[in-house]
Amino acid sequence: EGDSTKPVTEQKDKLLGGLLSAGFDEESCRSRYESALYRTTSPHKPSTYLLDRLRSYEALHKRCGPYTESYNKTVEKLRSGHAIEPTDCNYLVWVAFSGLGNRILTLASAFLYALLTNRVLLVDRGKDMADLFCEPFPEMSWLLPLDFPLNQFDSYDQKFPQCYGNMVKKKILNKPKTSLTPFMYLHLVHDYDDHDKLFFCDQDQALLQKVPWLIMKTDNYFAPSLFLIHSFEEELSNLFPDKGTVFHHLGRYLFHPSNPVWGLITRYYQAYLANADERLGIQVRVFDTGAGPFQHVLDQILACALKEKLLPEVNKREPISYPTGDRKSKAVLLTSLSAGYSDNIRDMYWEYPAVNGEVISVYQPSHEEYQQTEKKNHNRKALAEMYLLSLTDKLITSSWSTFGYVAQSLGGLTPWILTKPENKTVPDPPCFRDMSMEPCFHAPPFYDCKAKTGTDTGAIVPHVRHCADMSWGLKLV
Ligand code: GDP
């Protein structure tokens, strides 16, 4: 351990306001306690109730986690296929699915659901979850053991016999005295149907409570809709008196980059970002088909940054500008699959002087060209870049992108969002300020469980609203 860093880590709030428990081995996961060195202290304090619940969750996880006596007992019954009564340990298995930004958001949502239902969260490691993240809970792994009897998760879909929505549809659950299966599968993927969406109803939650093992597959940040389930309301408002901080706290609690990823983050930060007076993050995610860069996207980024005064204008008539006052330095961290955007912006501030004399440097860590979710190094870089964006002072993100959502809420940043372009033209306005740092739930249900009719779930309570970047989405504010 480098002695030179020690006093600083001790001074800084290295347990993040009590969010993290002390006593982990620091060497095996440097990011856990070093992150405080790279971030300014969050102005958002976690509630003492949240801290209590996290500590009691940790105790539950330790008592029920992989290969404990309770775990072994319930897995044995799962193997035998017989119906089982709920035990003192009930579980939620999160299935690794979709892009990395999506996975991070769904895992946080799943953890919140586990907290609310007193379940133990176990993580399907997929290709690289274990490589990317440290263990978040003390003394007991969160990884689903490889010898867990159910593991063909790829084949789990809406038609799966134990899929909850499917069982409702086939009225299997209505028969009196049918004994429940020891496990059920929750299909919360964006293509889910009205039956699957009953997950968000009180009555259905009451039934699910009796099932010892729940397997969940989702690609959505469903936390906002949990706030509309009556039976969770009180607990949620105790956990999060400040509703717009759910991912901010849970994300900082759960997601500690593994040492290889932390190396990518810290080396990059120290080399390119640490010494600037100010840091601006620009996250460019283009959902159009075809290879970028696109001229209209470049024009839009600049239009946004100049209009919102996040970057200075350049003077194209003078070779050199003579500003009065301090010469500030601003480092721009731009992330994108394509290299073209940062090249152009960097050239602009090389070829012409900034009118206010600011010294602008532009950096882009990687340009991977296309999404390669199955590759280890690709995802390490993706995580490093989300995290680096979260360390900036101001942030521009792209509409609809979970990659940007992770960065903004980890960083506690309310971003400027680039309006989604139509017909390859620069939208007007090019960007707008978001309402909160929370991620958007892209595929929420629109159902009133009591009245059994459709309803606008974005108009029920003031803290669950439609997203600014996706009109049908829901987010916490
Ligand atoms: P979303 O599709 O924008 O919601 O974000 P996801 O993270 O779920 O999926 C996009 C994936 O594409 C990422 O996980 C990366 O694999 C890749 N990707 C997209 N943008 C970038 C980027 O700026 N940098 C890197 N390194 N990868 C990116």
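Rounded to the nearest 20 debye, the dipole magnitude of the chain is 680 debye, with +1 charges on Lys and Arg beta carbons, -1 on Asp and Glu beta carbons, and the Cα centre as origin. Sorting 127-139, 360-372 by average packing, meaning the other beta carbons within 10 Å per residue, from highest down gives 127-139, 360-372. Counting lysine pairs in the stretch 250-378 whose alpha carbons fall under 18 angstrom apart, excluding pairs fewer than 8 residues apart on the same chain, gives 4.
The Rg/Rh ratio for the stretch 380-468 is 1.06, where Rg is the radius of gyration of the alpha carbons and Rh is the Kirkwood radius. Cysteine residues of the chain whose C-beta has no other cysteine C-beta under 4.7 angstrom: Cys163. Counting only alpha carbon atoms, the long axis of helix 230-239 and the longest principal axis of the chain meet at about 50°.
Relative contact order of the stretch 337-477, please, whole-number percent, based on alpha carbon pairs below 8 angstrom and at least 6 residues apart. Don't skip to the end; give the middle numbers.
On the way: 192 pairs, mean separation 21.1, N = 141.
In percent, rounded to a whole number, it is 15.
With the convex hull drawn over the C-alpha atoms of the stretch 181-321, the volume per residue is 246 Å³. When each of His463, His61 is scored by the number of other beta-carbon atoms lying within 10 Å, the sequence from fewest to most is His463, His61.
Panel order for Asp147, Asp434, by other beta carbons found within 10 Å of each beta carbon, from fewest to most: Asp147, Asp434. In this structure, the amide hydrogen of Ser21, modeled 1.01 Å from its nitrogen in the peptide plane, lies closer than 5 angstrom to no residue at least 5 positions away or on a different chain. The angle separating the long axis of helix 100-117 from the principal Cα axis of greatest extent in the chain is about 40 degrees.
Spread over its residues, the convex hull of the C-alpha atoms of the stretch 195-256 is 121 Å³ per residue. With angles folded into 0 to 90 degrees, how steeply does helix 48-64 sit against the dominant principal axis of the chain? Use alpha carbons for both and round to 10. For 48-64 against the chain, the angle is about 50 degrees. Cross-link partners for Lys171 among the lysines, with Cα-Cα distance under 16 Å and sequence neighbours closer than 8 places in the same chain left out: Lys159, Lys197. What does the C-alpha gyration tensor say about the overall shape of the stretch 137-253? Classify as rounded when a/c is under 1.5, otherwise prolate if a/b is larger than b/c, or oblate. Because a/c hits 1.5 or more and a/b fails to exceed b/c, the stretch 137-253 counts as oblate.
Gyration tensor over the Cα atoms of the chain: the corresponding equivalent ellipsoid has semi-axes (square roots of 5 times the eigenvalues, largest first) of 41, 26, 20 Å. Computed over the stretch 1-150, relative contact order equals 23 percent, with contacts defined as Cα pairs under 8 Å that lie 6+ residues apart. Dipole orientation for the chain: of the candidates Ala305, Thr419, Leu51, Leu51 has the Cα lying most toward the positive pole (charges on Cβ; Lys, Arg +1; Asp, Glu -1). Dividing the summed -39500 (n - 2.57) terms of all DSSP H runs of n ≥ 4 by the residue count of the chain sets its mean residue ellipticity at 222 nm at -10000 deg cm²/dmol.
Every read-out reported here was derived from the displayed coordinates using simple, explicitly stated rules and does not represent laboratory data. Quantities reported herein were computed from a predicted structural model and do not represent experimental measurements. As a convention, Cβ positions derive from the backbone with ideal geometry for all residues, glycine included, and neighbour counts pool all protein chains shown.
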